[in-house]
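Engineer: Okay, here's the structure, questions in a sec.
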Amino acid sequence: MSFNSLQSVLPAIGLTKRKTKKLDAICLAREERRNGKQELSYQARPFVLCGIPLRRPPIGQLTHTRRNGKFALDIVGHPRFGLPFGQDRLIPVWIATLAVLQKSRLVRFACPSQMLDYFELPKNGYHYERIVQGFQRIFGATIFFGTEEQRQKAVVLDSARFHFFDRMHLWYNREHPSPRNGNELENTIMLSEAFHSEIDRHKIPIERRVVAALANAPGILDLYVWLAWRSWTIEAGRQARVPLFGSMGLDQQLGSKEYGRERDFRQKLAKWLREVKAWWPECPAAASPDGRFLIISSAKSSPAISAGTGV
């Protein structure tokens, strides 16, 4: 059947052009993985262990806390810009990837369109403005990541702020803030020594094509990145049983809101997991029969994860 003929029958068989494009992208991602040619991005461990909000928080809410065992991620949003949320989670991926590839605390990129290209987002005014706002929320926030013990110590010794970035020189802070007028100017971000060390010691590989495909689905993206990390930390041949609820529960770790009923979270998680497995069929995770745990096997031999990660 020719392409034109196929286009004519797509509505009849329930496949829109958008769905067909997604299927093509899934097939390409699987083929690249099978051939060992997938392009890797990297995420910083704090944003893997504990997610930022999925959606814009209510007006006036400037605090966000997530827990993962002994670790905690506490974010206080800037009064003017608010809390990071949604697609803002792509910014740490972008910065961590640049830090790994450039092997430097000082990361450089020419223009914001590079980031849009990297995540396969439209290069239009709306998405440029969205990047600007995301950078403002990320850089304006006070962020703490560590154990509760470290947090108490930090409060006693330094009540000002914990930050991931020492300095930035970006297009929107200049006299001509339009990214279209500043494409030739270099943008630089100096990572804090602690944050750069965290990335260097715990760089977590994820597939760029999958991240780009899930850019508009932050909950699914959180689960994919978390599973890539968690399955790699499990010893070969072993399994882990991660509770869905409670103080150590998965619902306390991802960027999802607190659900009023456990059933709602189970349904949402099942939906997200199906989507993750569409892109990553080898994903070694499944819900327990009683619906209380997510059972995860080791992915040490998985082609979806690169060796030598240091996680």
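Engineer: Checking Arg56 against (1) among the charged types (D, E, K, R); (2) surrounded by fewer than 18 Cβ atoms within 10 Å (Cβ to Cβ); (3) farther than 13 Å from Arg137 by Cβ: exactly one of these is not met. Which one?
Structural biologist: That leaves (3) as the condition not met.
Engineer: Got a sec? Which helices (runs of 4 or more DSSP H) wholly within segment 22-137 have at least 2 residues that are among the polar types (S, T, N, Q)?
Structural biologist: Per the criteria, 90-102, 112-118.
Engineer: Restricting to helices (runs of 4 or more DSSP H) lying wholly in segment 191-253: which have 3 or more residues that are more than 11 Å from the chain's Cα centre (by Cα)?
Structural biologist: Values: elements: 193-201, 208-213, 218-233.
Helices (runs of 4 or more DSSP H) meeting the threshold: 193-201, 218-233.
Engineer: On to the next question. Run down Glu207, Glu282, Glu235 and say which single residue is surrounded by fewer than 14 Cβ atoms within 10 Å (Cβ to Cβ) and not aromatic (Phe, Trp, Tyr).
Structural biologist: Working: Glu207 fails: surrounded by fewer than 14 Cβ atoms within 10 Å (Cβ to Cβ); Glu282 fails: surrounded by fewer than 14 Cβ atoms within 10 Å (Cβ to Cβ).
That would be Glu235, the only listed residue that is surrounded by fewer than 14 Cβ atoms within 10 Å (Cβ to Cβ) and not aromatic (Phe, Trp, Tyr).
Engineer: Turning to a different aspect of this structure: Determine whether Ser247 is more than 24 Å from Phe47 (Cβ to Cβ), modelled with pLDDT under 90 and among the polar types (S, T, N, Q). Talk me through it step by step, then tell me what you get.
Structural biologist: Numbers: more than 24 Å from Phe47 (Cβ to Cβ): no; modelled with pLDDT under 90: yes; among the polar types (S, T, N, Q): yes.
So Ser247 does not fit the description; no.
Engineer: Let me ask something else. Any residue in segment 72-91 that is at pLDDT below 85, under 20 Å from the mean Cα position of the chain (by Cα) and closer than 16 Å to Ile199 by Cβ?
Structural biologist: yes
Engineer: Also, quick follow-up: From the list Ala141, Ala213, Ala154, which residue is surrounded by 15 or more Cβ atoms within 10 Å (Cβ to Cβ), modelled with pLDDT of 90 or more and of a type in the set (Gly, Ala, Ser)? Spell out how you get there, then give the answer.
Structural biologist: Numbers: Ala141 fails: modelled with pLDDT of 90 or more; Ala154 fails: modelled with pLDDT of 90 or more.
Matching residue, one of Ala141, Ala213, Ala154: Ala213.
Engineer: Which condition does Glu32 not pass, out of (1) acidic (Asp, Glu); (2) modelled with pLDDT of 90 or more; (3) under 28 Å from Arg167 (Cα atoms), if it passes all the others?
Structural biologist: (3)
Engineer: Follow-up question, since we're still on this one. Restricting the first residue to segment 115-138 and requiring it to be touching a residue at least 60 places away in the same chain (Cβ under 8 Å), which pairs with a second residue that is β-branched (Val, Ile, Thr) meet a Cβ separation below 7 Å and a spacing of at least six or different chains?
Structural biologist: If the second residue must be β-branched (Val, Ile, Thr), the pairs left are Phe119/Val211.
The values are calculated or read from the model by the stated rules, or taken from the named source; none is laboratory data. Everything quoted here is computed from the prediction, not taken from an experiment. Please note: Cβ atoms are built from the backbone with ideal geometry, for glycine as well, and neighbour counts cover all protein chains shown.
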